[in-house]
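Taken together, the values in this text are just the output of simple stated rules run on the coordinates, not laboratory data. Only a predicted model underlies this, so the values are computations on that prediction, with no experimental measurement involved. Here the Cβ positions follow ideal geometry from the backbone for every residue, glycine too, while neighbour counts run over all protein chains shown.
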């Protein structure tokens, strides 16, 4: 598998994973190690002041010197909140300006609000942020985001946490066909074959959280997803056989003892 | 991945590959090594007498002491021919009686002829053959074949060499649900995600030939298929998340700085 | 819509409906009238002797002089029972020998048992029955049944009463491609578009019962199904547009005021 | 089928058809009559001055007193052009302000440009236009368009003229679930069952042009589409049976002569 | 029919006591069942309608009266 | 119309030589186009039908005559 | 720290009584929070880490201490 | 092998002229085929490897030499 370059850094893994919804930080770390991910997303939240200080912090488990930390703007429903969240993230991460921008449309579907997302992206580019942007599978909007200066486009496969897999292959293919920045499918993957299919479309990577964290056995699913992304990438580059309406024998006709 | 036991031997790999349609024997061997397969299918044919004796033979490349050789009855359209072919296979392989039985219905679709397949299976069981049987996705026929004494049922995903992937998930699930012998999906796989999906249905293994041998890069596709089968197996055992019509956030609502 | 000829009689309707599972005989009749069906299936059962004689009988509602009565062998799990049921049906219907043969494999899936179905068909043809036969979507078995002398092949779309629609388009297309007798898809239709799709594959008719009788509003669903079968038939014969990966404008480019 | 109300007028037909791509105006009119459509779309273009004056004009064939004429903005790639086209349409149609707004993103996919579409809609609402708006299957954008004052939302099933049918059922269902104005699926329908499926999702209508005009037999396809839309509407309101993994017999178990 | 002794038959799987040596015609009349769209088996063999008047039932005969019902 | 000098306008993107200072009504008559289901723009501005008789065209005016055609 | 009067601030949306005119450094020490991977806003404005020692809090300031948590 | 008369057999569907009354061993040696992973049928009956040295071919025997080849 060739390396994936994002923000001038190259990665062996094309799987980016979230850090939410795990039983505890130990399981979080183990799952991430199994997944082979080198970039992990985090959310930006008020510190729980009451919290027992002996409790370790997420970034003690996932050393930013080892993992690329990708702070997201989850929970933001307008451009202003998303921009503020990115500024807080940069302050938290000592000036690192790589962010995952997501501006959502409603709480029920967590579907992107593309107009607010475009607004936020324009502002953040001015502030020198490196934006990986969660968006719909609309390739016209995807191109606008690329033109604004986003460094990666992250269209959804289906709603966040739904596990519905790819809803619209056509749109993902069209986004890939028209873009010059990496396309990383974010949200909706439910199981291994969903991840392979994303890569078989020629996409550059996959981001997931729920599919691993909420599986019955998160550590095993993390292993499955690592292999799934690699197998899909390899299959795409190996050049699959065409689909044919009729059969084609694998054994030779010549020398058939039954003739 | 747990081991798969067939004919009292256990295997680390759940991928069985064919040896047809490759450029040459060198490519055949390399692809098989990349696939991790420990069992390979071969066809039984008249020797090409004219052939230059310096040309090596398939079994010089794939040592039966290392690989389990699974001779098939490809090209047989009735029970009699299939039984004769199995007897020749046993003679060629010094008494080994493990065979892949396939009795086909027509040359255009290579779809199984289940009535002749049942006849052949009954005869071969009497002759002490260990039968892995290629059949349709009809679970009633699959159960008859199991009751006759076949040691593995090999339903098709779609026509041999078509690359159409799984045509009828419902039927494959029903076969698996009702059987007590290994279910190994044979024929129709086109790309990596097809193989993962087969395993995600809970099947015990996959057999393929064209998908690897006829890919633009057979060696890379072989690697892809190895990972695909493993990822599908792991995902099935990890317990995937349920599909939900609505979204579910991966980041916590508590402490949202935007509230 | 051209006429469909079965057993030397031609029909304007290509929808055959069952008479089971309705609230009462009045609803049964109304639904059948709305469906436009001219052939209806009935089951053969012991008379309920206790029954109040004032209660009308099914065939008082569906006059065999108006509707073609198609007795089925539902509930039979072997050839012998199916043959006996057909003989009883002929006696009940004063010598009429048109029957719907179905020999099932198990109670849970009601999937056909093709070996017993073939046996029964051979016997019934000897006894001069005109057989419309329920079978799997295995085109090799379908052809054997045709060769035996069945007058119509009735492959399932999916399990009886499941409402899963067409599970395997490829197999239905192959059956149609290889047969010279009418192909009438029986079982599995859930809603109107399922019925249209069956006809769009080029099949000659559809048989359904549960989809209508168990809909919230059976009379309205009957109307829907009548139109669905006609629309699918017309669409097939009108020659649909090919599927294209890219768009194609409906409005002319010439004279565009925006240029 | 209940009536569909648009711009204070109610319609018996829920099928809206385009007038492009037909062999001639006679075929256009015949197809529209067969389709039962009461509203037809037209494009706004420079008059072909050279044209022989004896040639009749589209609106001589489709009398605006009989058909509701829905002028579209096909060919516009920005808000300004779309607004101008609507003003020309109103002038042509003696002040009628019902329009189909479409602002496209590129010539290859004809996919909507939602940001320009929103801009145009805001302007046109100020100018008292009644807007039926072609858009993507993004329900957040759909709701914005509804809030701006569009009287009908017209999401695509798949690209204009592609015949790919519904690409994303989930999104169409979500749009319908969240909207209070009619949802009329526009573009992508290829054959009858595609149209029934749109209606089975609970949508209020369908708009198509290529599927009819470019069928081998446009007049027959028009008839098919009329029935398809009606059957889908009826099936949705009749309440389809649930999909079940297992079978359910249509004939009674009681009195089985085979027991 | 004049006073007569009774006999026992199995009718559609249930025991029934009916007039002795009655014909099928008689049985149907006794049960008030119209001869229309039915089939009758006696001891697993179909009796054609033409023989209903002449075919007399015996003690312990197993009789099945079969008809068409709603089914799919 | 009496003999008159001519002028040059751009009509639907093509050059046309037409009678001098002609009204839109006159132009349509000249072109033998019926005033029905059309719109006219002069220099990118729509001229309402009510003004066709009074609106006189000038040298180099860009005139567009627009109508409805088949479209989807 | 010597005896001092107290003041009231809003800390992460809750009222807190803390030593008067304390610096952000002081506050963090007071709360026993390590200056690592955090951000602080006072009255909706981010205070850079470089100013924690010099930036003194006032009565009724709204202070937010923010960090990174698990999220997808 | 000493000078000898020849005979005609059908070998894998083709006519072959080979030394008279040769054994299967002899034939394989003659054809330079190694006795490894092959099966031999003479007149549609499999000859076990143990009999290759003793089994002599006759004029017009139909001999098939079969092996394993690539297949799926």
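Looking at the protein assembly as shown, what % of its DSSP beta bridges pair antiparallel, to the nearest 5?
Working: 99 of 195 bridges.
Antiparallel: roughly 50 percent of the beta bridges in the protein assembly as shown.
Kindly provide the helix-only [θ] at 222 nm of chain E, computed as the sum of -39,500 (n - 2.57) over DSSP H runs of four or more divided by all residues, to the nearest 500 deg cm²/dmol?
The per-residue figure over chain E is -3000 deg cm²/dmol.
Compare A:133, A:42, A:103 in a GNM of chain A, Cα atoms joined below 10 Å, and give the one with the largest fluctuation.
Of the options given, A:42 has the highest mean-square fluctuation.
Obtain the nm distance between the two label points defined at residue D:80 and residue F:6 by a simple spin-label model: each point lies 7 Å from its Cα along the Cα-to-C-beta direction.
3.5 nm
Taking the label point 7 Å from Cα in the Cβ direction, how far apart in nm is residue C:3 from each other copy of itself, listed shortest first?
Output for residue C:3: 4.0, 6.9, 7.7 nm, nearest copy listed first.
If you count the DSSP beta bridges with both ends in the range D:1-80, what percent of them are antiparallel, to the nearest 5?
Counting DSSP beta bridges with both partners in the range D:1-80, the antiparallel share is about 35 percent.
Using r as the Cβ-Cβ distance of residue D:26 and residue C:147, and R0 as 45 Å, what FRET efficiency do you calculate, to the nearest 0.05?
On the way: r = 49 Å, r/R0 = 1.09.
Calculated transfer efficiency: 0.40.
In whole percent, what relative contact order does chain G give with Cα contacts below 8 Å and a gap of six or more residues?
Here the relative contact order equals 39 percent.
Per DSSP H run of n ≥ 4, the term is -39500 (n - 2.57); total these for chain A, divide by its residue number, and report the mean residue ellipticity at 222 nm rounded to 500 deg cm²/dmol.
-11000 deg cm²/dmol
Could you give the nm distance between label points at residue D:126 and residue C:125, where each point is 7 Å from its Cα heading toward the beta carbon?
Result for the modelled spin labels: 7.8 nm.
Please tell me the relative contact order of the range B:176-234 in percent, rounded to the nearest whole number, where contacts are Cα pairs under 8 Å and at least six residues apart. Show your work: numbers first, answer last.
Working: 71 pairs, mean separation 22.9, N = 59.
39 percent.
Ignore the peptide's own chain and count Cβ atoms of other chains within 10 Å of each Cβ in B:217-226; give me the average, rounded.
Partner-chain Cβ atoms within 10 Å, mean over residues of B:217-226: 5.
Can you give the Rg and Dmax of the protein assembly as shown based on its C-alpha atoms, in angstrom?
For the protein assembly as shown, the Cα-based Rg and Dmax read 38.1, 128 Å.
May I ask for the angle, rounded to the nearest 10°, between helix B:25-35 and the longest principal axis of chain B, with both axes built from Cα atoms and the value confined to 0 to 90°?
On a 0 to 90 degree scale, this one is about 30.
Compute the distribution of all C-alpha to C-alpha distances in the range C:172-259, in bins of 5 Å from 0, and list the percent of pairs in each, rounded to whole numbers.
Histogramming the range C:172-259 at 5 Å steps yields 3, 13, 19, 17, 13, 10, 8, 6, 5, 4, 3, 0 percent.
Taking a label point 7 Å from Cα toward Cβ, how far is residue G:14 from its twins in the other copies, in nm, shortest first?
Result for residue G:14, in nm, nearest copy first: 7.6, 8.2, 9.3.
What three numbers, in Å, describe the spread of the alpha carbons of chain H along their principal axes, ordered from the longest?
Projected onto the principal axes, the Cα atoms of chain H cover 45, 23, 21 Å.
Separation between the residue E:32 and residue G:59 pseudo-spin-labels, each 7 Å from Cα along Cα→Cβ, expressed in nm?
10.1 nm
For the rotation taking chain C to chain A, which residue of C has the Cβ nearest the axis, and how many Å away is it?
Closest Cβ on chain C to the axis mapping it onto A, in Å: C:243, 7.
Sorted from fewest to most neighbouring beta carbons within 10 Å, what does the list C:181, A:40, B:206 look like?
C:181, A:40, B:206
Mind sorting C:86, D:214, B:258 by how few other Cβ atoms lie within 10 Å of their own Cβ, fewest first?
B:258, D:214, C:86
In peptide D:25-32, what is the residue-averaged number of other protein chain Cβ atoms found within 10 Å of each Cβ?
0
Looking at chain A, send over the antiparallel percent of its DSSP beta bridges, to the nearest 5. Can you show the working numbers first?
Details: 4 of 26 bridges.
The antiparallel proportion sits near 15 percent.
What ranking do B:129, D:67 get, fewest neighbouring Cβ atoms within 10 angstrom at the top?
Result, fewest neighbours first: D:67, B:129.
I'd like the orientation of helix B:139-148 relative to chain B: the angle between its Cα long axis and the longest Cα principal axis, in ° from 0 to 90, rounded to 10.
50 degrees
P(r) of chain A in 10 Å steps, Cα pairs, percent per bin?
7, 30, 35, 17, 5, 3, 2, 1, 0
When chain H is turned about an axis onto chain G, which of its residues keeps its C-beta closest to that axis, and how many Å is it?
H:72, 21
Looking only at D:239, D:105, D:50, which one moves most when chain D is put into a Gaussian network model with springs between Cα atoms under 10 Å?
Per the Cα network of chain D with a 10 Å cutoff, D:50 tops the list.
Quick one: label points 7 angstrom along Cα→Cβ at residue G:53, distances to the other copies in nm, smallest first?
Its label point is 9.1, 10.0, 12.5 nm from the equivalent points in the other copies.
Cα axis of helix C:79-92 to longest principal axis of chain C: angle in degrees, 0 to 90, nearest 10?
Tilt of helix C:79-92: around 80 degrees.
Tell me the relative contact order for the range D:1-154 as a rounded percent, counting alpha carbon contacts under 8 Å between residues six or more apart. Can you show the working numbers first?
Numbers: 230 pairs, mean separation 25.5, N = 154.
Result for the range D:1-154 is 17 percent.
With springs connecting C-alpha atoms under 10 Å apart, model chain C as a Gaussian network and identify which of C:237, C:139, C:246 has the largest mean-square fluctuation.
Looking only at C:237, C:139, C:246, the largest GNM fluctuation is found for C:246.
Please give the FRET efficiency for residue D:60 paired with residue C:66, using the beta carbon to beta carbon distance and R0 = 60 Å, rounded to the nearest 0.05.
After rounding, the FRET efficiency stands at 0.80.
Kirkwood hydrodynamic radius of the range B:12-64 from all distinct Cα pairs, in Å? Can you show the working numbers first?
Numbers: mean 1/r = 0.0822 Å⁻¹.
Taking every pair of different Cα atoms in the range B:12-64, averaging 1/r and inverting gives 12.2 Å.
Report, as an integer, the average count of C-beta atoms from other chains found within 10 Å of each Cβ along A:171-183.
2
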